[in-house]
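All remarks here apply to the structure that follows.
The values are calculated or read from the model by the stated rules, or taken from the named source; none is laboratory data. It should be emphasised that the depicted structure is a prediction, and the values quoted were computed from it without experimental measurement. Glycine also receives a Cβ, built like all others from the backbone with ideal geometry; neighbour counts cover every protein chain displayed. We work out accessible area using only protein heavy atoms, side chains counted, and drop any ligands, DNA or RNA first. Shrake-Rupley method; radii C 1.70, N 1.55, O 1.52, S 1.80 Å.
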Amino acid sequence: MPNRDKITKKHSEAEALYKKILKQSNDANAWINLALIYGATHRESMAIDAYNSALLIAPDNIQALGNMGFLLYQQGDLAKAEGLLQSALRADKNYLPAIRNLASLYLKQKRIREAVPLVRQLCVIQPDKSTELKLALLLIELENYAEAKEILFKLQEWGQLQFLMRRSGHWDGLDEVDAKCLRAIRQNPQCTDEPHALTNIP
């Protein structure tokens, strides 16, 4: 575990360096680095001010837009956070931190229909099973059963697929899915057919 005094000294030295740079040149990257230091040392309001200074110089800087949006999201200012994250994605539609945080913001507000395209985009840019499963569960909430079924079948999530087919009333192939679910439970007693709860994007 790192020594807290050393971390504090390291941050203080870096803060002094970037302030010195800013006295010589009003540089957006220096403001962003200073904001990161403020954020890491729990001085969020100072971090937001520093990101604002960076954006006055470079209005389309995706790191400043995305990081400031995330800080405001954490503080509960969801309207401003949404605007900043959307601006970051207008500057770079594939900027992963902004995609994740905006999707999480929409899910927090139960705006599933707006979250789904972002989660789908995450599955394309950085595919992993947990994100694809989240997408399938969101699609079930929107009653887009056909696409959800395709994803669950690909992931071999037999318990979830069983739940989906019963919920949607699509019985074709249910016996096969029931058998696969039972086989999975026998092979792994911790496996159940209970549906997962919807969660925010990590």
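Couple of notes before you dig in:
- Tally, over the stretch 12-50, of residues that are loosely packed, with under 14 Cβ neighbours inside 10 Å, assigned to a helix (DSSP H, G or I) and more than 29 Å from the chain's Cα centre (by Cα): 7
- Residue check for Tyr73: within 27 Å of Asn94 (Cβ to Cβ) and either at pLDDT below 95 or of a type in the set (Phe, Trp, Tyr) (or both): yes
- Residue check, Leu71 surrounded by 15 or more Cβ atoms within 10 Å (Cβ to Cβ) and touching an Asp or Glu at 6+ places or on another chain (Cβ under 9 Å): yes
- Which listed residue is open to solvent by 40 Å² or more (accessible area, probe 1.4 Å) and at pLDDT 95 or above, from Ala115, Ala98, Ala91, Ala103: Ala91
- Checking each residue in the stretch 122-146 for being assigned to a helix (DSSP H, G or I) and either open to solvent by 50 Å² or more (accessible area, probe 1.4 Å) or among the hydroxyl-bearing types (Ser, Thr, Tyr) (or both) picks out Val124, Ile125, Lys129, Ser130, Thr131, Glu141, Tyr145, Ala146.
- Check on Lys129, on the phi > 0 side of the Ramachandran plot and at pLDDT 80 or above: no
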